[in-house]
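What follows is one structure encoded as structure tokens, with my remarks underneath.
The values are calculated or read from the model by the stated rules, or taken from the named source; none is laboratory data. Note that the structure is predicted; figures quoted are calculated from it, not measured. Please note: Cβ atoms are built from the backbone with ideal geometry, for glycine as well, and neighbour counts cover all protein chains shown. When the accessible area is computed, the model is the full protein with side chains, heavy atoms only, and any ligands, DNA or RNA have been set aside. Shrake-Rupley method; radii C 1.70, N 1.55, O 1.52, S 1.80 Å.
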Amino acid sequence: MAGTEPLRVGLAGLGTVGAGVLRLLAGNGAAIAARAGRPLRVTAVSARDRARDRGSDLSGAAWEADPVALALRPDVDVLVEVIGGTGPALAAVEAALGAGKAVVTANKAMLALHGAALAARADARGAALRWEAAVAGGIPVIKALGEGLPGNRITRVMGVLNGTCNYILTTMEKTGADYADVLADAQRLGYAEADPAVDVGGIDAAHKLALLAALAFGTRVDFAGVAIRGIGEITLADIRRAADMGYRVKLLGVARMNADGLEQRMEPCLVPAGSTLGGLEGVTNAVAIEGDAVGQVTMVGPGAGAGPTASAVIGDLVDIARGNVRPAFGLPAAALARPERSSVGSEAAYYLRLTLRDRPGALAQVATVLGEHDVSIDRMRQYGHRGTEAPVVILTHPTEGRTVSAALAGIAALDVSLADPVALRIEEV
Ligand code: HSE
């Protein structure tokens, strides 16, 4: 496809990301063309509302109300899909790939649910399907994993992959502000998904983790195999107590290949405050990749917002303009293995938040339950007491997640337990 003719782009979606792509092409178009070997020209656009002012001159681009019609236009070589969701976006992507056209997408939900089928469709027509913008915003991690690290056997991928959640957790910590106020800020700043429950519930980040895992381990995307827990139950007290013990709370995704299969988890975890992942502030994302030859490579950068996501879209467009086409998930779709799911998962230490009746023997009862489940205590702190309630934090030695769950059920059943106990994994990073 490389040549001096322009690469003709059909842009489906003119929200935060679509408008960012137009702005970036308008501002840096000449340098981008020099790097791509030919100009990138937006020949047609599609969005829900034609009248809205997006701050960019669209007079040179044709308008299509239907993104499928956009994808099939003869003056469109590549579809940039930044609509999101799995309705019209999926139909347009399927149409483009079916017609043998390249697709660049930021749509993590669509790829997490339909990635394997879309990759097969792309392969069948020799079309490129590129998705740098779907994971970790402006961090070029898909390129790093797909093109920089294929010499390695990847052993673990970890990521802080949702800017909104990290913004909420770190802003609460810094300002003591309410969860709801901070979330409203994230929405105002254009970081949050249309339905912010998708962010705070861990779904958005889990979509991204499933995509990274597929690329890292050569497996079919298995979003249903991700164990997901959002940040809704994290309190300011957890954040402060974790800090007190040298940790920070992050919504962390971990994918690793265990002896019995693929483990994929997205959950709030404690990580050492002094680590790279522990130090992330605001909407910053990070991805750490561990390979047998390279060791650990960590990439940090903005994970959400117009500029960073547009930067990732343009990176993919430049590759397509140059004719740099590789399979969507690193291997031909037919060679991607269906992953076995790890049944046990890996061991870790845990942070336990308990609310106990403040009376003699309460802790002894808790210690007995933990002992009965073979869970060993590493550290313990009681944080004063409110009336007859005593907030207690226990850090355990490494143990299996299912053992901790069983022990928590035992603690919850004690008459000295005044609220459901909560356990957070402490991930070694
Ligand atoms: N809502 C997402 C986030 C946007 O907060 O990270 C980028 O995918």
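Structure data summary
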read-out	value
Residue 185 being free of Cβ contacts under 8 Å to residues at least 40 places away in the same chain, part of a helix (DSSP H, G or I) and within 14 Å of the ligand (Cβ to nearest atom)	yes
When residues of the range 263-292 are limited to those that are among the hydrophobic types (A, V, I, L, M, F, W, C) and closer than 25 Å to residue 220 by Cβ, the one farthest from the ligand (Cβ to nearest atom)	289
Test: residue in the range 371-381 that is within 33 Å of the chain's Cα centre (by Cα) and closer than 24 Å to residue 158 by Cα	no
Unique residue being in contact with a helix residue (DSSP H, G or I) (Cβ under 6 Å, 6 or more places away or on another chain), among the hydrophobic types (A, V, I, L, M, F, W, C) and assigned to a strand (DSSP E or B) when the list is 390, 423, 407	423
All positions within the range 391-422 that are in contact (Cβ under 8 Å) with a residue 60 or more places away in the chain and open to solvent by less than 10 Å² (accessible area, probe 1.4 Å)	391, 393, 395, 416
Among the candidates 325, 297, 318, residue that is in contact with a Lys or Arg (Cβ under 6 Å, 6 or more places away or on another chain), in contact (Cβ under 8 Å) with a residue 12 or more places away in the chain and either in a helix (DSSP H, G or I) or more than 16 Å from the ligand (Cβ to nearest atom) (or both)	318
Residue check, residue 312 in a loop (DSSP other than H, G, I, E, B), within 16 Å of the ligand (Cβ to nearest atom) and buried (at least 18 other Cβ atoms within 10 Å of the Cβ)	no
Check on residue 259, at pLDDT below 95 and closer than 24 Å to residue 152 by Cα	yes
Members of the range 100-123 found to be in contact with a helix residue (DSSP H, G or I) (Cβ under 8 Å, 6 or more places away or on another chain), more than 13 Å from the ligand (Cβ to nearest atom) and open to solvent by 10 Å² or more (accessible area, probe 1.4 Å), listed by number	100, 101, 113, 114, 116, 120, 121, 123
Scan of the range 149-164 for residues that are farther than 16 Å from residue 265 by Cβ and either within 16 Å of the ligand (Cβ to nearest atom) or modelled with pLDDT under 95 (or both), ordered by number	163, 164
Evaluation of residue 34 against (1) more than 19 Å from residue 128 (Cα to Cα); (2) open to solvent by less than 50 Å² (accessible area, probe 1.4 Å); (3) at pLDDT 95 or above (one fails), failing number	(2)
Hits in the range 318-361 - residues which are out of contact with any Leu (no Cβ under 9 Å at 6 or more places or on another chain), among the acidic types (Asp, Glu) and open to solvent by 20 Å² or more (accessible area, probe 1.4 Å)	347, 358
Extreme residue, surrounded by the fewest Cβ atoms within 10 Å (Cβ to Cβ), among residues of the range 188-205 that are within 12 Å of the ligand (Cβ to nearest atom) and assigned to a helix (DSSP H, G or I)	197
Test result for residue 141, within 13 Å of the ligand (Cβ to nearest atom), open to solvent by less than 10 Å² (accessible area, probe 1.4 Å), within 12 Å of the chain's Cα centre (by Cα) and within 17 Å of residue 324 (Cα to Cα)	yes
Odd one out for residue 228 among (1) among the β-branched types (Val, Ile, Thr); (2) at pLDDT 95 or above; (3) buried (at least 23 other Cβ atoms within 10 Å of the Cβ); (4) in contact with an Asp or Glu (Cβ under 8 Å, 6 or more places away or on another chain)	(3)
Matching residues, the range 231-269, being of a type in the set (S, T, N, Q), over 13 Å from residue 424 (Cβ atoms) and surrounded by fewer than 17 Cβ atoms within 10 Å (Cβ to Cβ)	258
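Condition check ((1) among the aliphatic types (A, V, I, L, M); (2) at pLDDT 95 or above; (3) closer than 30 Å to residue 414 by Cα) across all residues:
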position: 292; (1), (2), (3): no, yes, no
position: 298; (1), (2), (3): no, yes, no
position: 313; (1), (2), (3): yes, yes, no
position: 355; (1), (2), (3): no, yes, yes
position: 384; (1), (2), (3): no, no, yes
position: 390; (1), (2), (3): yes, no, yes
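A quick yes/no check of all residues on (1) under 28 Å from the mean Cα position of the chain (by Cα); (2) open to solvent by 60 Å² or more (accessible area, probe 1.4 Å); (3) modelled with pLDDT under 95; (4) not hydrophobic (A, V, I, L, M, F, W, C):
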position	(1), (2), (3), (4)
1	no, yes, yes, no
4	no, yes, yes, yes
20	yes, no, no, yes
51	no, yes, yes, no
56	no, no, yes, yes
75	no, no, no, yes
83	yes, yes, no, no
